[in-house]
1. May I ask you to list the trypsin sites (Lys or Arg not before Pro) in region 154-186 that are in a DSSP loop and have at most 11 other Cβ atoms within 10 Å of their Cβ?
2. Using modelled backbone amide H atoms (1.01 Å from N, in-plane), which distant-in-sequence or interchain residues come within less than 5 Å of GLN39's amide H?
3. Restricting things to Cα coordinates, could you compute the convex hull volume per residue of the chain in Å³?
4. When only Cα pairs under 8 Å and 6 or more residues apart are kept, what is the percent relative contact order across region 1-88?
5. Residue by residue through region 53-60, which ³J(HN,Hα) values in whole Hz follow from phi under the Karplus form 6.51 cos²θ - 1.76 cosθ + 1.60 (θ = phi - 60°), with glycine and proline marked x?
6. How much accessible surface does LYS226 have with a 1.4 Å probe, in Å² rounded to 10?
7. Evaluate the relative contact order of region 199-245 (contact order divided by residue number), counting alpha-carbon pairs under 8 angstrom at least 6 apart; express in whole percent.
8. Return the calculated 222 nm mean residue ellipticity for the chain, to the nearest 500 deg cm²/dmol, obtained by summing -39500 (n - 2.57) across DSSP H runs with n ≥ 4 and dividing by the residue count.
Amino acid sequence: MTNNMFFIANWKMFGDLKSVNSIKKVIKLSKNKKFNKAQIIYCPPYTLISNFVKLVKNSKIKIGAQNCHQSQNPGPFTGSINTELIKSSGANYVIIGHSENRATGDTNHIINLKIKAALKKNLKIIFCIGETLIQKKRNKTNSILKSQLTVGLKNIKNNNNIIFAYEPVWSIGTGIIPKTTNLEKQVIIIKKMLMKIWKSKDPKIIYGGSVNSKNISELKKITLIKGFLIGGASQNAKNFIDIIKKTIN
Ligand code: PGA
């Protein structure tokens, strides 16, 4: 996974059967040698995973789920999907710890269990961390990130299967992104934390929160950032392609 630039599309609770076809243009782009370095991962709603898997079969695009249940075994958890089911649907990745799921009950401890469950099934993980606006205003950003990482990674050996997505909650869906210098500083701090907590020398850190085809030229200047987790702008193939082209060019 090294040297790749990640473009991870988080479709959230959007997309129907028809919209699956819109990714054909992105598949075409992914086959262009010029974009060899772009590791594109689509995370559609669970209901569309197998359609996506079929469609990307002959490309290097990968598919991920947006969340998972922490139970490694099947069980009476109505409405939930565990990592076993995700793996069997053909997906290779799973987003864990997204702030929208933290907001509805995912604690750092639950997130830790989910990460363990995903590793057990050989799924790669997009582990989201980030502070809320109130936490930022109270100067709590670093202590929040530290506890998200410390508890989230508890009893998990350093490995190459986790991508760390720094997503300031105040930036998600708001159109607001951090100032480049602040974001760069924050990524350096996260890197140091990971070195200390996880002995991770070269963690893959990506950024998420209102990434679009306009602000990408600014965001891509931060060379420590190895890719982007993209919500709104990933649902439109043209916008998503623009982001990839502007980053790689
Ligand atoms: P956004 O979402 O790009 O729409 O801000 C990002 C995310 O929630 O992962």
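1. Listed in order of number, the matching sites are LYS157, LYS179.
2. MET5, PHE6, PHE7
3. Considering the Cα atoms of the chain, their hull volume per residue is 116 Å³.
4. Relative contact order comes out at 27 percent.
5. In residue order, the calculated couplings are 4, 4, 5, 8, 2, 9, 10, 9 Hz.
6. LYS226 exposes around 70 Å² with every protein chain in place.
7. Details: 45 pairs, mean separation 20.9, N = 47.
Reported relative contact order: 44 percent.
8. -10500 deg cm²/dmol
The values are calculated or read from the model by the stated rules, or taken from the named source; none is laboratory data. Nothing here was measured: the structure is a model prediction, and the numbers come from that model. Ideal geometry is used to build each Cβ from the backbone, glycine not excepted, and the neighbour counts take in all protein chains shown. With ligands, DNA and RNA removed, areas are computed over all heavy atoms of the protein, side chains included. Shrake-Rupley method; radii C 1.70, N 1.55, O 1.52, S 1.80 Å.
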